[in-house]
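Read the figures in this text as sums done on the coordinates, not as results from a lab. Remember, it's a predicted structure, so these values are computed and weren't measured experimentally. In this analysis, Cβ positions are derived from the backbone assuming ideal geometry, glycine residues included, and neighbour counts consider all displayed protein chains.
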Amino acid sequence: MNGIDLGLKLCLVCYQACPEYQRRCQRCGGRVRIRRNNSIARCWALTLAAALLYIPANILPMMTISWLGQGGEPDTIISGVVKLIENDMAMIAVLVFIASIAIPLLKLLGMAVLLLSIQPGYEMGLGIRQKMRLYRVISWIGRWSMLDIFIISLLAGLIQFGQLGQVEPGAGAWAFAAVVTLTMLASNSFDPRLLWDNQCLSQRLEE
Amino acid sequence: MGIVLFDLGLVMGNEVTGKALGRYLQTLLTQRRIGGREAEKPHDLLCPDCDLLISIPVLKQQQVAACPRCFHTLEKHAYFRIQNLLALVITGLLLYIPANIYPVLTLELAGLQHSSTIWGGVVALWGSGLPIVATMVFVFVMLVPLLRLLMLIPVIWASLLRDGSRFSRYLFRDYLFLCQWGMAKIYMLGVLISAIKLVDMTSVEAGLGVFCYTGLMLVEVGISITLNEARLWNTLGKGVKATEGIYVINERH
């Protein structure tokens, strides 16, 4: 039995079930809706915006490190990872690669797959449990891409020796931070209950 | 505790008042221990991830209730004492101040020393023409952890008094919203990576700030383990009546 069939809507903050006619949760005062408001449209908008910003995030320089007269050319995300490998810091390179390239890509593609698979005819052979797992991974992992931004902030605050060494953050940081925040907002506005509604519906149609 | 309260009474100039105050606070602090378990009843709820109606029995030690359809963890048995939470919040607030005053890392280069606090990083970002990124770092790393700790205090107070005011309930809602925007753990990983990066180039020294911030992060982890949301909502929402839809839920008589 689903809550929607019982005329109940769940407050997603305090998990109080509220009757359908109620606009606000009587316990925590938050807005309650049967399903998240315009979930799919909002989610698409945020994901697409993030995907567009992903391009400048990768093209524009993230930061420029000059150190004892060497360096000085701006680094993008990818060239930063390559430099780390060249300097024999493979482990860190892997970490940075995962946090700033793999995770944002996974989030963007994963969100697109989830949103497409909600539409009938685009199931893509994914079971509902797999979709659920994908959604949970995306929403849990989202915050960890902020890592690169925090590293830039630390280095920029720390390395200020003028001629000897200087770190100058670039415009790519702005785009990248926006990508991370937008994908976080996107996974927040996605309502996983829609997946189950779809399944219940298709089951009923088969019967 | 008793002695401290006793002294408090002496300061106030009246021993009797002090004792009465002590007794009052002691009953406040101990009544959770007696009344905590009886509040649990078998109840129904809806799964937030798939909207399934589930009845949950009274959980035994170490049991976890999960949704049978989507495996979402609904409730867990936890030995939840509001005092532990209060202790963690106070520890966190005490650690927060040095974590932001003292430098995170100190660099040495050709006799020059330069150290930076978390705030220093924010200022550097702002100064190089990235005010939005600077604001984000400030909010995620400095503001949200502080707000989360401060917001828990009225919530804990309301829970100790065992009547949740509307204010405390709204505050707890905002607290839960802020949870996912606090990024202390990620910042710590960032500090670690930059330290390893820099160690090859010059001498790096960890400042006091980094240790305090680690402590703050551990306190946050401790809070998330200790805090039993469902139980706290139950305590705060005592006065709120049970929902009547077509089907009555939330309370079983």
**Complete:** Across the alpha-carbon set of the range B:52-120, Rg over Rh with Rh taken as the Kirkwood radius works out to 1.35
**Prompt:** Per residue of B:129-141, what is the mean number of Cβ atoms on other protein chains within 10 angstrom of that residue's Cβ?
**Reply:** 5
**Message:** Please report, in whole Å³, the volume per residue of the convex hull around the C-alpha atoms of the range A:146-207.
**Reply:** 85
**Complete:** Heads up, the range A:1-135 by the C-alpha gyration tensor (a ≥ b ≥ c square roots of eigenvalues; a/c under 1.5 rounded, else a/b over b/c prolate, else oblate) looks prolate
**Fill in**
The alpha-carbon center of the range A:86-121 and that of the range B:61-101 are separated, in whole Å, by 30
**Asked** Expressed as an acute angle from 0 to 90° and rounded to the nearest 10, what is the orientation of the C-alpha long axis of helix A:171-189 relative to the principal long axis of chain A?
**Response** 20
**Item:** Listed residue (A:Tyr135, B:Val139, B:Val155) projecting farthest to the positive dipole end of the protein assembly as shown, Cβ model
**Value:** B:Val155
**Asked** So who's got an amide H within less than 5 Å of the one on B:Ser115, skipping anything under 5 residues away but keeping other chains? H placed 1.01 Å off N, in plane.
**Response** B:Leu107
**Request:** Could you work out the mean count of beta carbons from other protein chains within 10 Å of each residue's beta carbon in B:66-73?
**Result:** 3
**Message:** Residues of the range A:36-59 with backbone nitrogen within less than 11 Å of a virtual label 7 Å along the Cα-to-Cβ line of A:Ala112, please, listed as ranges.
**Reply:** A:48, A:51-52
**Request:** Any lysines with Cα under 26 Å of the A:Lys107 Cα? List them, leaving off those in the same chain fewer than 8 positions away.
**Result:** A:Lys83, A:Lys131, B:Lys185
**Message:** How shielded is B:167-179 by partner chains, expressed as the average number of their Cβ atoms within 10 Å of its Cβ atoms?
**Reply:** 3
**Request:** Specify which residue in the list A:Asn198, B:Leu52, B:Phe71 is farthest towards the positive end of the charge dipole of the protein assembly as shown, using unit charges on the beta carbon of Lys, Arg (+1) and Asp, Glu (-1), about the Cα centre.
**Result:** B:Leu52
**Request:** Could you give the C-alpha radius of gyration of the range A:37-206 expressed as a fraction of 2.2 N^0.38 Å, taking N as the number of residues it contains?
**Result:** 1.26
